[in-house]
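Only the coordinates and a few stated rules stand behind these numbers; no lab work does. Every value quoted in this text rests on a predicted model; they were computed, and no experiment measured them. Don't worry about glycine lacking a Cβ; one is built from the backbone with ideal geometry, like all the others, and counts go over all protein chains shown.
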Protein chains: 2
Amino acid sequence: MTDNDDASSGLGRNLTYGLLDLLGRQIVTGAFENRTFPTEAELSIQHGVSRSVTREAVKMLTAKGLLTARPRQGTSIQPVASWNLFDADVLRWLLERKFSVELLSQFNQLRAAIEPAAAALAAGSADDKGRALIEAGFARMEAAERGEDDVLDADIAFHLAILRAGGNPFFAQFRDVVATALRTSIRLTNRIVGRTADLAAHGAVRDAIMARDPRAAQDAMRAIIGDVMDLIARHSHAAQ
Amino acid sequence: MTDNDDASSGLGRNLTYGLLDLLGRQIVTGAFENRTFPTEAELSIQHGVSRSVTREAVKMLTAKGLLTARPRQGTSIQPVASWNLFDADVLRWLLERKFSVELLSQFNQLRAAIEPAAAALAAGSADDKGRALIEAGFARMEAAERGEDDVLDADIAFHLAILRAGGNPFFAQFRDVVATALRTSIRLTNRIVGRTADLAAHGAVRDAIMARDPRAAQDAMRAIIGDVMDLIARHSHAAQ
DNA sequence: TATGTCTATTTATATGATAAAAACACACGC
DNA sequence: GCGTGTGTTTTTATCATATAAATAGACATA
């Protein structure tokens, strides 16, 4: 019986989280676009799980802003405006739908607003721990340059270190968006931009932060993201 | 029995959401600082609700990044870094703890990064609908000036309109933070800053957006938030 | 010391029953 | 005709209890 359920549902080890992931993907990719969302009884039957599992998955989706549930009316999908776009799960699901340059562009508009400010904040008020984190991130980028570390991972580590270093937890919240944006844009930037230029630009950010020069840190970070945005614009232009 | 439960628990009409709110507040305000988080059985007994209610509340808190649950290990509170700080519930709970100038300052550091960029984006690429939204928001501010609308509500409406108008859903996500920041800082700014100056500054933002001048819109918005940050700095200085 | 096994604890899942909310239809009275 | 109330029905909300699964920790064993 249990084996049967597991086989028919195709959800992972943890049924609740498996169903959460499946429903999340389906909602975000528009699988319920023109029809009403299933009732909890229908979901239970369709996926071969108990009502508890269904309800807990729905509750988590509700907590992330994707659903609402009311007696008699049923469960329904919320407008995109109320989705929690900074949630790691929601971001992941968002990328499962067709790759869109528009989404990548929106990511980077956000980065252009956040990261220069975060770099300035880090330069102005990072403590020793934050500075060490940034140094470690940059060291990884240098190691990657020498082929001793993964380029993408090192890049992400450096950018996240800057988000954290300023000590403002709200800036640290952007870790998932930034990591996602970097992972996504690597498809475009990979092999197009020379890695040396990239390292130099990142080195400028590091130097400015270490010199406690907020203005220079901001400008250097702005330059990095500006380059990425130019690349995206050129790519979308070329694709047309 | 049911009445007894309701009376003893003090949760609202909806037990699950009531418990969610109660636990969320307790977690954020540090009520479980030095002790382990209760097991689901303990929570059920303490609050006089069934395990389903407890589990669903815990699952929602998990979805918001506040908890994790594993068999045998139990449920435990996650580090603040993994909390979903842009979630409306989490923000609300955050404000329940002692009022802190530091938090208000962090809010506005974020606003300083986001809102000028959002204003520039709105100036550059808002469609007719977005522009109409901004006009409506500004009209409310003018009405408030004449005593025909609530000052705070109008202010919030104007700022939210700008976040939305650019068409980037990630900027629109900041509605709750911005609304919360405005509601919080009104305690400080109220009666200190003359409302006329405020209206003029907001008018400059509106004019720049309508003139499709991103640079001017950005600068005008920066000025507004800069004023607020100065006020906060002065207040925290005076308080010392 | 390392490794495997047993046990206890806690979450995970299932199931079936009852309560509550709300959309809808319908009858009623004005 | 038209509002108003009332009952019916559908769906979520809640409860209670039972069983499964996972894993930390103790203990035994090599």
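The table for this structure:
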| item | result |
| --- | --- |
| Amide proton proximity set for A:Leu67, modelled H, under 5 Å, gap of 5+ | A:Thr62, A:Gln78 |
| Total charge dipole magnitude, the range A:99-239, about the Cα centre, Cβ charges on Lys, Arg, Asp, Glu only, Debye to nearest 20 | 220 |
| Label-point separation, B:Arg215 to A:Ala41 (7 Å along Cα→Cβ), nm | 6.5 |
| For the range A:113-182, alpha-carbon Rg over 2.2 N^0.38 Å | 1.06 |
| Expected-Rg normalisation [2.2 N^0.38 Å, Cα atoms] applied to the range A:2-82 | 1.05 |
| Straight-distance crosslink candidates among lysines, where the alpha carbon sits under 19 Å from B:Lys59 and sequence neighbours closer than 8 are dropped | A:Lys59, A:Lys64 |
| Mean Cα-pair separation over length for chain A, i.e. relative contact order, pairs under 8 Å, 6 or more apart, % | 19 |
| Rounded to the nearest 20 debye, dipole of the protein assembly as shown from Cβ charges on Lys, Arg, Asp, Glu | 200 |
| ³J(HN,Hα), Karplus 6.51/-1.76/1.60, whole Hz, each residue of the range A:162-177, x for Gly, Pro | 5, 4, 7, 4, x, x, 8, x, 5, 5, 5, 4, 7, 3, 5, 4 |
| Residue closest to axis [chain B; rotation mapping onto A; Cβ; Å] | B:Ala63, 2 |
| Ratio Rg/Rh, restricted to chain A and using Cα atoms, in which Rh is the Kirkwood radius | 1.07 |
| Charge dipole of chain A about the Cα centre (unit charges at C-beta), most positive-ward option of A:Leu152, A:Gln218, A:Ser236 | A:Ser236 |
| Scattering profile of the range B:98-239 at q = 0.10, 0.20 Å⁻¹ [log10 I(q)/I(0), Debye over alpha-carbon scatterers] | -0.30, -1.21 |
| Cβ-Cβ FRET estimate between B:Glu142 and B:Asp230, R0 fixed at 22 Å, reported to 0.05 | 0.35 |
| For B:116-124, mean number of other protein chain Cβ atoms within 10 Å | 2 |
| Other copies of A:Ala139: label-to-label distances in nm, shortest first, labels 7 Å along the beta-carbon direction | 6.0 |
| Integer Hz, Karplus 6.51/-1.76/1.60 couplings in order for the range B:47-64, x for Gly and Pro | 9, x, 10, 6, 5, 4, 4, 4, 4, 5, 5, 4, 5, 5, 5, 5, 5, 8 |
| Longest site-free stretch - chain A; sites: GluC sites (Glu not before Pro), DSSP loop, at most 16 other Cβ within 10 Å | A:34-147 |
| Ranked list, fewest to most other Cβ atoms within 10 Å of each Cβ, for A:Lys129, A:Lys59 | A:Lys129, A:Lys59 |
| In sequence order, calculated HN-Hα J values of the range A:108-124 (Karplus, 6.51, -1.76, 1.60; Hz; x Gly/Pro) | 7, 4, 5, 4, 4, 7, 7, 5, x, 5, 5, 5, 5, 4, 4, 5, x |
| Alpha carbon convex hull of the protein assembly as shown, projected area averaged over orientations, nm² | 27.4 |
| Positive-end residue, the protein assembly as shown charge dipole about Cα centroid, Cβ charges, pick of A:Ala118, A:Ala81, B:Ile27 | B:Ile27 |
| The range B:61-134 and the range A:31-56: distance between their alpha carbon centers, rounded to Å | 30 |
| Dipole axis of the range A:40-167 (+1 Lys, Arg; -1 Asp, Glu on Cβ), positive-most option in A:Leu43, A:Gly130, A:Ile162 | A:Leu43 |
| Dipole moment magnitude, nearest 20 debye, chain B about Cα centre, only Lys, Arg, Asp, Glu C-beta charged | 620 |
